[in-house]
1. In whole angstrom, how far apart do the alpha carbon centroids of segment 236-251 and segment 1-72 sit?
2. Using a 10 Å cut-off around each Cβ, can you sort E302, E13 from fewest to most neighbouring Cβ atoms?
3. Which loop-located trypsin sites (Lys or Arg not before Pro) does segment 247-336 contain, where loop means any DSSP state but H, G, I, E or B and the Cβ has at most 15 other Cβ atoms within 10 Å?
4. Count neighbours as other Cβ atoms within 10 Å of each site's Cβ, and list the GluC sites (Glu not before Pro) in segment 180-212 that are DSSP loop with at most 14 such neighbours.
5. Pulled fully out, how much extra length does the chain show between K336 and R322, if you take 0.36 nm times their separation in residues and subtract their Cα-Cα distance?
6. Taking amide H positions as placed 1.01 Å from N in the peptide plane, with prolines and chain starts having none, which residues 5 or more places from T174, or on another chain, fall under 5 Å of its amide H?
7. Which value, in debye to the nearest 20, gives the size of the charge dipole of segment 1-76 about its Cα centre, when Lys and Arg are +1 and Asp and Glu are -1 at the Cβ?
8. Tell me, in nm to one decimal, what length is gained between R74 and L25 on full extension, where the rule is 0.36 nm per residue of separation less the Cα-Cα distance?
Amino acid sequence: MEAHNGLSAKIVEETGFKGIWASGLSISAAMGVRDNNEASWTQVLDVLEFMSDATSIPILLDGDTGYGNFNNARRLVKKLEQRQIAGVCIEDKVFPKTNSFINGNAQPLASRWIDRNRSFFFVVRNRTFDQVALRKQELVSRMNHLQTARQEADQYPSRYEALTVINAMKDRHTVQLATTGITGRELYEIEDSPNNLYMVGSMGCVSSFGLGLALTQRNNNKDIVVIDGDGSVLMRMGSLATNGTYSPPNMLHILLDNNAHDSTGGQSTVSHNVQFVKIAASCGYVQSIYTHNLAELQWAMEEWKRTKGLTFLYMKISKGYREQLGRPQIKPFEIKQRLQSFLRNDPPEGGQYEKRQEEYFA
């Protein structure tokens, strides 16, 4: 229930409401000013202090746009915590804000911001919400069925060469997810496709994204191929255990290891000291396979398409990347939208994927 001073806040609590909405509009109106940050944030804090002193139920502040930039918003949150304010709602607008009901239009709900690809967030104090009983989950043990180790000299192909083989294996039922940085840029240069997704930022998250997609698409005849890098896997290695536990049969996880952060200057990683194949196997991947060259990579992918089961393919590649490498000329939200469209509707029959495989492997 809305309140704008100590008295109205006390009335809200005495009436039996479980929380108080400290309305920016009504606080401004009570001061006789307009609702576009004419009242300073320190003046609003003074009002909130009286409201907090008069009540014991949570107070959620209408924080407008945070009263400036990130530093202003961070200082606001610190001062709100000192006054026992439970949370603050920040609007995705420029500072100073415009009234939410200008021209008679109400403030859009969160779903509308999501539909417009705009950001929003709520900042709340710990223990503001009641605890929810967690649903009991059945613990499932997964076992690795096949693990192969290094048995001969590595070929060390370039990333571009490895991606060319991987992409040539794609068919109309395949979704390819490329980790952030050079991997996505090179895959885009090889062939941009509606069933490709190039991660932007979110380093280390591509296999987790692939897991969720594989679980939701396993009954829709979609294969999820996750193309990862050593720096990415090292950053979030715990995701391997989660992947292994859920073990979607339609997910193939490929790690191209060049012992370097190519996307940020070529700094060395510590991948030379990590046994990725053994780790994936111990995490419950059905198959964990060391591939020494492009021919073995192609064969392993063919076998996976035939037998399925959560599989981890590992191959060492050379450092570096193509000169004059461009960047995707399509915006991230457009990539998301076209992938969603691909998942809803299979592309038209036309043999384009089969033709690509015939041309490459001829």
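Read the figures in this text as sums done on the coordinates, not as results from a lab. Everything numeric here is computed off the predicted structure, so don't read it as measured data. Virtual Cβ from ideal backbone geometry, glycine too; neighbours counted across all protein chains shown.
1. 46 Å
2. Details: E302 11, E13 19.
With the sparsest Cβ surroundings first, the list reads E302, E13.
3. In loop regions of segment 247-336 (DSSP not H, G, I, E or B), the sparsely surrounded trypsin sites (Lys or Arg not before Pro) are K319, R322.
4. On the way: sites: E186, E189, E191; in loops: E191.
Loop-located and lightly packed - E191.
5. Full-extension gain reported as 2.4 nm.
6. D223
7. My answer is approximately 180 debye.
8. Here the answer is 15.5 nm.
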